[in-house]
Amino acid sequence: MNRPSDSSVPVPLPGERPPPSSHPMDHPRLPWPEPGRVVLSVEGLTRELGTVVKTPVLLGIDLAIRGREFVSLTGLSGSGKSTLLYLLGALDRPTSGRVIFEGADISELDDDERAELRASAFGFVFQFHFLLPEFSVLENVMIPMLRRGKRSRGDAEDKAAQVLHTIGLGPFLERRPSELSGGQQQRVSIARAVANDPKVIFADEPTGNLDSKNGVIVMETFERLVREDGITIVMVTHERSFALRASRQIVMSDGLIVEDLDQRNV
Amino acid sequence: MNRTVLFVALRQLWERKLLNGIAVLGVTLGVLTLIGINGIMQGFQQKFLINIIKVSPHVTIKDKQLRPRPSILARFDPGFVVTRVSHETPSDRQLRINRPYEIVRGVEAIEGVVGAAASLAGSAVLAVGAKQYPVDLRGIDPPRQDRVTPISQFVSQGSYRALSSSADAMIMGVGVAKELGVKLGDVVRCGAALGPTMSLKVVGIFDAALPPIDNRRIYVTTRTAQILLGKPDIIGQIEIRLRDPERASELREKLERSLGYDAESWQEANANFLALFKQQNMIIGFVVGAILAVGGFGILAIQIMIVMQKTRDIAILRSIGFHRRDILSAFLLQGAIIASIGAAIGSVGGHYLVTFLGTLKIKQEGLVRSETFMVYEDPVFYFYGVGFALFVGLLASLIPALRASRVEPVDVLRGQIG
């Protein structure tokens, strides 16, 4: 199988983990950890977009996501998967229905409370890396921790450096995002999402802008986060091969969940 | 303010050095202009006012009675006598201040009065050969008058004391001497409408650096003035000096009420100039305000441009937990920093500009005479400059800051904006 080569993928330095397998399906399947209790759920969730002409995007979703689950959301464009992700991640408000995080309805929170929740419990990875260009790699990862205010600057710096080392970006701490390859930039954004010890990471097409090799690196990173750190991940993706690597695969169509498959039950 | 917000705001500010530098330059020019123009305009005004306050009385009691006694006929019941007289001849009684020296003593006893002096003023003509020159004649009691208007400090040639030593002595302004071409010791003929012509010796020449006075005024003793003006034993005015010149209007009112004579404060005597200065200051205020407003628009335009460019970054910050007020604070802080830096550079530049202008040799002759550019530095200019710059900077940042704080991350993520 011919796959595009990516010269931007860093050559591993001594002590770094070896290069990942090059195809999503080449990866040996490891067992998923047992899911925990429900951390995030939605009940009768609807969302209409537009101000003059209302377009229904979600038509009443019921869903429960447990701890240590790696959930993929797939579906055609316009099926409502990204909208659902934004609602789950407290980035948007539903038209009706409830979003419950750890037993509390977060759909009624005001702007500041939602911002605080995002800072303290959630991490985000988007299709484009969305890093702040004026800050170094290390600073990009530190900023959410500093904003949350739970760590001193020194602690935040240590933690950010540790996370970046773990995902193979140790040599690039002082570089600006523009000096990194696309895959490296996306890994920085994962490090930013992880560094603040989130309970859930929301990823919107995290591999959409990457070649397959870097896509695999991102997926392996996510899998490791679920397996080793017990983080719950909700990922929207168009790529079926990556979706299949998740522990639970949800397929959406026209604003509804049409398929919900848990790998552990297969 | 959260320290992370400060960190983000400072870094973003630093990373746009060129754009923000232009905004700083706008504010700098505004503050520099404010300090520079005020330094120049106030330099002229202050020099004029300081000199006029120094050389002129603060309050002058005049010989015009505010409540003159009615004519004899008018004092009787009009039912019994004829009160309408055709071609009534005006009284030949000359205007005067009654019991002037008692008034002088009484005025000097008032709190805040430094000195009071009785004098007589009128118009006269000086003649040297065929040259004639109209002057403003002042008959004074030299020692007493010097406490009110310290002419002795401005005598550049001869002696002020010599004025008391002789009845035919005269001190003249430097402009009068120049017009007539006379020097110290020269004898000049002096005459007025109702008195005899006298020959007076120039015993002193004064230079108050105020052309309206230097070019017109001569001083003689009261007695000599009374002879020249044909007003024997008459005192026409009492001049008063105050510790605080700003209290002149207050004292004027009090004196008018108690003495019944018309009185004039130095502000009234120079009302035309003061009104002109007021208008000048208003125009300067408008010009400087406009320049600072342009600086503010510079900040506004640049900040709006940055907000539009940084919409995506704002969305990132919001998604990772920054509050709306954090974004608002960051942009307001950037505006305040731009304004502060601009104000600081403008203030330092303004100081050096004013200092430099003060060293320029420019001969000026008008209301005030000076050999150099007249400048004046007042901490108030700097206070206004910095205050106004900060106000404009914050105001100009408010719109972009509000706009930035209203960015919804989800709109950017959906690709609707940004």
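The values are calculated or read from the model by the stated rules, or taken from the named source; none is laboratory data. In this text the structure is predicted, and so the values were computed from the model without any measurement. Methodologically, a virtual Cβ is constructed for each residue, glycine included, from the backbone with ideal geometry; neighbour enumeration extends over all protein chains shown.
Quick notes on this structure:
- Given (1) over 30 Å from B:ASP326 (Cβ atoms); (2) in contact with a helix residue (DSSP H, G or I) (Cβ under 9 Å, 6 or more places away or on another chain); (3) within 14 Å of another protein chain (Cβ to nearest Cβ), index of the condition A:PHE70 fails: (3)
To keep it simple, each residue is scored yes or no on (1) aliphatic (A, V, I, L, M); (2) touching a helix residue (DSSP H, G or I) at 6+ places or on another chain (Cβ under 7 Å); (3) modelled with pLDDT of 85 or more; (4) more than 30 Å from B:ILE140 (Cβ to Cβ).
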site: B:ALA9; (1), (2), (3), (4): yes, yes, yes, yes
site: B:ARG16; (1), (2), (3), (4): no, yes, yes, yes
site: B:ASN20; (1), (2), (3), (4): no, yes, yes, yes
site: B:LEU29; (1), (2), (3), (4): yes, yes, yes, yes
site: B:LEU32; (1), (2), (3), (4): yes, yes, yes, yes
site: B:ILE35; (1), (2), (3), (4): yes, yes, yes, yes
site: B:SER56; (1), (2), (3), (4): no, yes, yes, no
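- Yes/no for A:PHE130 being farther than 23 Å from A:VAL216 by Cα, in a loop (DSSP other than H, G, I, E, B) and facing chain B (nearest Cβ under 8 Å): no
- The residues listed here are A:ALA90, A:ALA121; of these, the one that is within 12 Å of chain B (Cβ to nearest Cβ), of a type in the set (Gly, Ala, Ser) and surrounded by 22 or more Cβ atoms within 10 Å (Cβ to Cβ) is A:ALA90.
- Matching residues, the stretch A:103-121, being under 16 Å from B:ILE320 (Cα atoms) and either under 20 Å from the mean Cα position of the chain (by Cα) or aromatic (Phe, Trp, Tyr) (or both): A:ARG114, A:ALA115, A:GLU116, A:LEU117, A:ARG118, A:ALA119, A:SER120, A:ALA121
- Taking the stretch B:222-257 as the range and being more than 30 Å from the chain's Cα centre (by Cα) and of a type outside the set (D, E, K, R) as the test, the residues that pass are B:THR222, B:THR224, B:ALA225, B:GLN226, B:ILE227, B:LEU228, B:LEU229, B:GLY230, B:PRO232, B:ILE234, B:ILE235.
- Within the stretch B:374-386, being surrounded by 13 or more Cβ atoms within 10 Å (Cβ to Cβ) and free of Cβ contacts under 8 Å to residues at least 40 places away in the same chain holds for no residue.
- Residues in the stretch A:133-145 that are within 11 Å of another protein chain (Cβ to nearest Cβ), in a helix (DSSP H, G or I) and more than 9 Å from A:ASN196 (Cα to Cα): A:GLU139, A:ASN140, A:ILE143.
- Filtering the stretch B:274-290 to residues that are under 29 Å from B:ILE240 (Cα atoms) and surrounded by 17 or more Cβ atoms within 10 Å (Cβ to Cβ) leaves B:LEU274, B:PHE277.
- Residue selected from the stretch A:106-126 under the condition touching a helix residue (DSSP H, G or I) at 6+ places or on another chain (Cβ under 9 Å) and not in a helix (DSSP H, G or I), by the criterion modelled with the lowest pLDDT: A:PHE126
Here is a yes/no grid of residues against (1) away from chain A (no Cβ under 14 Å); (2) surrounded by 22 or more Cβ atoms within 10 Å (Cβ to Cβ):
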{"residue": "B:ILE320", "(1), (2)": "no, yes"}
{"residue": "B:ALA344", "(1), (2)": "yes, no"}
{"residue": "B:GLY350", "(1), (2)": "yes, yes"}
{"residue": "B:VAL354", "(1), (2)": "yes, yes"}
{"residue": "B:ARG369", "(1), (2)": "yes, no"}
{"residue": "B:THR372", "(1), (2)": "yes, no"}
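- Number of the condition not met by B:ALA404 [criteria: (1) in contact (Cβ under 8 Å) with a residue 60 or more places away in the chain; (2) farther than 25 Å from B:LEU317 by Cβ]: (2)
- Entirely in the stretch B:124-208, the helices (runs of 4 or more DSSP H) that have 2 or more residues that are at pLDDT 90 or above and crowded, with 21+ Cβ neighbours inside 10 Å: B:142-148, B:174-180
- Residues of the stretch A:52-105 satisfying the condition of being assigned to a loop (DSSP other than H, G, I, E, B) and of a type in the set (Val, Ile, Thr): A:VAL52, A:VAL53, A:THR95
- From the list B:ILE304, B:ILE316, B:ILE240, the lone residue that is within 14 Å of chain A (Cβ to nearest Cβ), surrounded by 14 or more Cβ atoms within 10 Å (Cβ to Cβ) and not small (Gly, Ala, Ser) is B:ILE316.
- Residues of the stretch B:2-32 that are surrounded by fewer than 22 Cβ atoms within 10 Å (Cβ to Cβ), more than 14 Å from chain A (Cβ to nearest Cβ) and in contact (Cβ under 8 Å) with a residue 12 or more places away in the chain: B:ILE22, B:LEU25, B:LEU29.
- Among the residues of the stretch B:348-373, the one identified as free of Cβ contacts under 8 Å to residues at least 24 places away in the same chain and in contact with a helix residue (DSSP H, G or I) (Cβ under 7 Å, 6 or more places away or on another chain) is B:THR372.
- Considering residues of the stretch A:30-67 that are in contact with a helix residue (DSSP H, G or I) (Cβ under 8 Å, 6 or more places away or on another chain) and within 14 Å of chain B (Cβ to nearest Cβ) only, the residue surrounded by the most Cβ atoms within 10 Å (Cβ to Cβ): A:LEU58
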